[in-house]
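A quick write-up on the structure given underneath.
The values are calculated or read from the model by the stated rules, or taken from the named source; none is laboratory data. Source: prediction; values computed, not measured. Note: ideal-geometry Cβ built from the backbone for every residue, glycine included; neighbour counts use all protein chains shown.
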Amino acid sequence: MDKHIDTSQFEPKIADIINNKPQLSIYDIQAQERQQEQLALLEYHESNEVIPMPDHIHELLERLENKRTLGGDDNLE
């Protein structure tokens, strides 16, 4: 209603009074989108199970780390 008063020289119509929904600013829209993304991410983390790393991957990473830090064997498959 305030927007109508500020922008129009005529009195408000019934439709202006009935449909008096506050318009969201771009900041409000971005905040809602951010909140929806956070809720979706939270739901994803809560609904998915975490499984351990496969043994062959873990062994390969250990060998790579040993080679890098200790100059270990060069036998990488």
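Can you tell me which residue is farthest from the chain's Cα centre (by Cα) among those in the range 1-59 that are at pLDDT 85 or above and of a type in the set (D, E, K, R)?
The extreme case among them is Glu59.
Helices (runs of 4 or more DSSP H) wholly in the range 1-63 with at least 3 residues that are at negative phi and surrounded by 10 or more Cβ atoms within 10 Å (Cβ to Cβ) - which ones?
Because the criterion is at least 3 residues that are at negative phi and surrounded by 10 or more Cβ atoms within 10 Å (Cβ to Cβ), the helices (runs of 4 or more DSSP H) in the range 1-63 that meet it are 2-7, 26-47.
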